Amino acid sequence: MADSYALVKGGKLNLKGHKHKKSKKEKRHKRKHEDGTPSASEIQDKDKSDTAKHGGWWEIKKFGDIAANIAIEVGDHRYITALDNGELTLGQPRNEGEGPDPTEVFTVIKVNETKIALKSGYGKYIAIEADGRVVGRSEAMSTREQFEPVFQEGKVALNASNSCFLSCDDDGDIVCVSSKAGPGEFVRLRTCAVRERDPLEGVPLEERGSVKDAEVNYVKKFQSFQDRRLRVSEVDKTELKKAKKEGDLHEVMLDRREKMKADRYCK
């Protein structure tokens, strides 16, 4: 299966010649990763923005998040829709801030830990036909009505019982004809179900461990690595534990990095 799944801010007005001197506080809160990867807070902000643009329907990124009702987004703001004659087609584009239409919402039946079945709003299971077309006319569920959502590297595709991935053809019909998943087979599964609250929600990824791990994570994040050596303070970690309780962990870690000359923002 894995082998077949082959991937392919406005700001303030800047005046010419004027140099803005950043405060230490700005340096602490507006840093970027050396390699350009987004921080945990940036990822969370991006997810919130994406959810708002889709009317509160958030993107499912793992099998365990699949809820009772989902919409299948193909392209941007376009969802697979069920017709009263059992056909499936690609719905009209939705405006930013709008969620899917009721005819674009499917009920999920989890078959096992990897496969699901989908019912349209007309109470029919969607299934794969012999010619590869996907329709919603089945009264009961068999292997033809089962699909496997494949999650890999931030992408998702739906694999049907004929070992082909779901996509939309040039006529707007929903088919499963490709044995490999490329850009045309990538979809987004969305739901408006209430998310289970993560007990670590609001805690940066870098701090989801011991204070020792947190210090190493932030050194890796902000160190210039000019000599490819990781510089971590050898001073007792007791002050970090105390700082975490008192709420000034970031300031203390910055001071420790400054003393080690291990932060590219430190002078």
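Write out, first by first residue and then by second, each pair whose Cβ atoms fall under 6 Å of each other, whose residues are 6+ apart or on separate chains, and whose first residue, in segment 243-267, is assigned by TED's automatic domain parsing to the domain that holds Asn217 and under 13 Å from Val211 (Cα atoms) while the second is assigned to a helix (DSSP H, G or I) and at pLDDT below 75.
Taking only residues 6 or more apart or on different chains, the pairs are Lys244/Val211; Met253/Glu215; Met253/Tyr218.
Evaluate segment 79-86: report whether one residue or more is within 19 Å of the chain's Cα centre (by Cα) and either modelled with pLDDT of 90 or more or exposed (fewer than 13 other Cβ atoms within 10 Å of the Cβ) (or both).
Yes.
Anything in segment 117-135 that is surrounded by fewer than 13 Cβ atoms within 10 Å (Cβ to Cβ) and farther than 21 Å from Ser178 by Cβ? List them, or say none. Give the steps one after another, and end with the answer.
In the first step, residues of segment 117-135 are kept if they are surrounded by fewer than 13 Cβ atoms within 10 Å (Cβ to Cβ); the result is 123, 130-131.
Residue satisfying the conditions is Gly123 alone.
Residues that are crowded, with 16+ Cβ neighbours inside 10 Å and β-branched (Val, Ile, Thr): find the strands (runs of 3 or more DSSP E) completely inside segment 145-188 holding 2 or more of those.
Values: elements: 146-152, 155-159, 165-168, 174-178.
Because the criterion is at least 2 residues that are crowded, with 16+ Cβ neighbours inside 10 Å and β-branched (Val, Ile, Thr), the strands (runs of 3 or more DSSP E) in segment 145-188 that meet it are 174-178.
The values are calculated or read from the model by the stated rules, or taken from the named source; none is laboratory data. Quick caveat: nothing in here was measured; it's all calculated off a predicted structure. When we count neighbours, we look across all protein chains shown, and the Cβ atoms used for this are built from the backbone with ideal geometry, even at glycine.
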